[in-house]
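Data first, discussion second: the structure below is written as structure tokens.
The values are calculated or read from the model by the stated rules, or taken from the named source; none is laboratory data. Since we're looking at a predicted model, the values are computed, not measured. Cβ placement follows ideal geometry from the backbone for every residue including glycine, while neighbour counts extend to all protein chains displayed. Note: accessible area is taken over every heavy atom of the protein model, side chains too, but ligands, DNA and RNA are not part of it. Shrake-Rupley method; radii C 1.70, N 1.55, O 1.52, S 1.80 Å.
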Amino acid sequence: MSAVHNTLIQFRDFLFQVTHFRRDIRLFLLYNLFSNVGIGAFLLIYNLYLIESGFTESFIGIYNATSTTALAIVAMFMGPLIGMYGGWKCITYGTMVFVTASAVLALLGSAAPILAVSIIAGAGTAFLITPIMPFILEWERPEYRVIATAFAFSINSLSLTLGSMIGGWSPRLFSVLLDIELQSVMSYRLALLLGLAVAGLGLIPMYRMTEARAGSGDEEGAFAAIPELPPARQQVRRDIMIFAGATGILALGIGAVMPFYNVYLNTIGARPSRIGMIFALAGIVAAIIGLLVPVLARRYGELNTLFWVRIAPAPVFLLLLVFPHLLVAALAHVMRTTATSMGWPLDSGVMGNVLPPRARASGFSVRSGLWNLGYATSSLIAGVVIVAYGYGPTFVAFAICSVASTVLFVSYFKRHPKFTEHP
């Protein structure tokens with residue numbers, strides 16, 4: 001009974017903290033709920049759209065590499081951009097670019113135009129993803145930042161889930177309503193456009209903000225560039241490079257698997273509706289369990305929790321090498337999505353405590369840049385590998401990179417002065 005009582009108390013405290021988020025943060029969470037629907041629909045459907053349009057996994061790898069490289073380059077400059085224009089402008093106008101370019105992608109069927117527009121869409125995506133942590137760190141009170149971060153990533157999981165459900169089930173709906181083939185270019189195209197229309201609704205809460213909309217993020221605030229740091233900047237730069245480097249290694253593994261995972265599920269017998277259910281289930285589980293991050297971090301420590309969370313999916317992906325069953329593949333995806341949902345607020349929380357305020361935006365933009373460079377490089381190589389050798393090597397790459405990234409991050413920050421001085 002005491003365990004149940006303690007759980008109820010923790011849940012009550014959690015609800016109390018959520019209701020005391022600042023108004024602009026609550027609106028930002030609502031924005032995240034809508035905006036990531038477009039990303040969720042694209043993650044599920046666009047590769048199938050390309051396959052149905054006559055392309056192979058090798059072109060999917062090129063497409064993902066092109067889009068993600070653009071994302072990475074823009075993300076590298078996100079810190080200075082936020083410093084110059086403020087988080088609100090970057091997020092709002094970036095979302096407009098993403099939705100518009102993605103809608104154009106859903107209408108194209110030729111390789112060269114797809115790759116050209118994917119550069120614009122990738123650049124727009126950087127403005128949706130990279131400013132999340134800097135925005136929360138700037139506009140939420142310190143005592144609520146940890147729970148706000150965990151809540152934001154859970155909201156993202158729910159949003160991706162909604163996008164997966166739209167992407168998975170709307171082709172069937174359009175097939176019935178418009179008398180078109182279920183697995184066709186047109187049904188997939190309409191599913192993508194529907195997801196983007198929902199994503200566009202996220203602009204409404206952004207325009208309802210007050211303080212964040214009026215803020216400029218000037219250079220004396222939280223978003224000054226690294227060269228303006230005090231004399232301890234060498235330690236700060238080293239921290240950022242380990243943070244970004246570990247993320248880049250993790251991206252190499254995830255980029256080898258995730259751009260093609262819906263196609264993999266399709267090859268082992270899953271139709272778009274079932275793929276949508278798997279992606280949706282993963283998002284729901286990730287959203288619910290992700291809310292436990294603050295509790296687990298307080299009880300076991302941020303670094304210990306991060307270690308087990310990050311390496312947990314690796315054995316399941318290795319199991320697919322000898323047992324490529326749909327249930328195992330679904331479990332692997334659920335665990336990988338949940339690990340990501342839990343891992344981002346954990347390592348972001350570590351860096352939020354370690355980095356001085358003026359270095360945070362630059363730190364997170366460098367991390368985002370290396371993440372997307374690793375993802376782009378890996379997806380480009382993986383597309384060729386899959387065509388030649390199948391999916392097995394990519395699952396091995398995921399497992400190795402997950403472990404290597406986690407060991408690097410945890411072993412470095414366990415010896416960091418901020419953690420050794422305050423055990």
Review point. Which net charge results when you count Lys and Arg as +1 and Asp and Glu as -1 among the other residues whose beta-carbon is under 12 Å from that of residue 139?
Key: +2
Review point. Where does helix 23-52 land angle-wise versus the long Cα axis of the chain, in degrees 0 to 90, nearest 10?
Key: 30 degrees
Check your understanding: Quick one: with all protein chains in place, what share of the accessible area of the range 16-84 is carbon or sulfur, to the nearest percent (1.4 Å probe)?
Key -> 69 percent
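Send over a whole-number figure in Å² for the accessible area per residue of the range 302-363, probe 1.4 Å.
Values: 2150 Å² over 62 residues.
Accessible area per residue, the range 302-363: 35 Å².
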Study note, to complete from the structure: FRET efficiency (residue 107, residue 299; Cβ distance; R0 45 Å; to 0.05) is 0.35
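For the range 17-104, what is the accessible area per residue in Å², given a 1.4 Å probe and the full set of protein chains? Intermediate values should be presented prior to the final figure.
Working: 2950 Å² over 88 residues.
Roughly 34 Å² per residue, with all protein chains present.
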Review point. Which of 113, 171, 80 moves the most in a Gaussian network model of the chain with Cα springs under 10 Å?
Key: 113
Check your understanding: Highest GNM mean-square fluctuation, the chain, Cα pairs closer than 10 Å: which of 404, 70, 214?
Key -> 214
**Study point:** Per residue, the convex hull volume that the Cα atoms of the range 312-369 enclose (Å³)
**Key:** 84 Å³
Review point. Residue 58 to residue 116: extension gain in nm, 0.36 nm per residue of separation minus the Cα-Cα distance?
Key: 19.2 nm
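Roughly speaking, what is the stretch gain from residue 19 to residue 273, that is 0.36 nm per residue apart minus the C-alpha to C-alpha distance, in nm to one decimal? If you can, show how the numbers build up before the last one.
Numbers: separation 254, 0.36 × 254 = 91.44 nm, distance 3.57 nm.
Value of the extension gain: 87.9 nm.
Express the carbon and sulfur contribution to the solvent-accessible surface of the range 335-397 as a percent, rounded to the nearest whole number, probe 1.4 angstrom. Don't jump to the answer; show the numbers that get you there.
Numbers: 1340 of 1880 Å².
In the range 335-397, the share of accessible area belonging to carbon and sulfur is 71 percent.
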Check your understanding: Angle between the Cα long axis of helix 2-19 and the longest principal axis of the chain, 0 to 90 degrees, nearest 10?
Key -> 90 degrees
**Study point:** the chain - Kirkwood radius from inverse mean 1/r over Cα pairs (Å)
**Key:** 21.6 Å
Review point. Quick one: helix 392-414 against the long Cα principal axis of the chain, what's the angle to the nearest 10°, folded into 0 to 90?
Key: 0 degrees
